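Note sheet for the following structure.
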């Protein structure tokens, strides 16, 4: 079968719920409602690394954007993103269409339009319990900066991994298509 030459970039926990903070995953392994239709559409997938687990490990607690927004974490994000942005750049240079990047609604790191806030002088509330605010998470901010530095502009959207039944590839794809610049 001929390759479709089309791909989508997904945040890590869409394919691996084990990377989510203990007690906050709403699905067992992968976000099937999103992934199965992607596979049926013949799309390739680039899975981004999980910035939180590669920075603090799996024993971390739920934190907010303010707590992650430090020079060390931003530097870490840039470092782990480099080979993935290389892969995206190479794919685009070789005629692969990248439909866009899918983040996680409300994530302190991977939120695209919505992140979580609520740092109270050193105490954290789990990211699902924290307040929500408009704006990207720390990892997505760094991702956008790194893409822009290379002259790359990809549409981004997000899914709510706290509601796995609502994750819908058709709606996600439409959102990415709306975000394309002509």
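The values are calculated or read from the model by the stated rules, or taken from the named source; none is laboratory data. All values derive from a computational prediction rather than experimental measurement. Here Cβ is always computed from backbone atoms with ideal geometry, including for glycine, and neighbour counts include all displayed protein chains.
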Check on residue 49, under 21 Å from residue 81 (Cβ atoms) and either crowded, with 19+ Cβ neighbours inside 10 Å or in contact (Cβ under 8 Å) with a residue 24 or more places away in the chain (or both): yes
Helices (runs of 4 or more DSSP H) wholly inside the range 52-150 containing at least 2 residues that are crowded, with 21+ Cβ neighbours inside 10 Å, more than 16 Å from the chain's Cα centre (by Cα) and at pLDDT 95 or above: none
Some residue of the range 2-12 being over 17 Å from residue 176 (Cβ atoms), at pLDDT 95 or above and in contact with a helix residue (DSSP H, G or I) (Cβ under 6 Å, 6 or more places away or on another chain): yes
Hits in the range 26-35 (condition: in contact (Cβ under 8 Å) with a residue 24 or more places away in the chain and either surrounded by fewer than 16 Cβ atoms within 10 Å (Cβ to Cβ) or in a loop (DSSP other than H, G, I, E, B) (or both)): 26, 27, 31, 32
Filter result for residue 45 (touching a helix residue (DSSP H, G or I) at 6+ places or on another chain (Cβ under 7 Å), under 26 Å from residue 149 (Cβ atoms) and in a strand (DSSP E or B)): yes
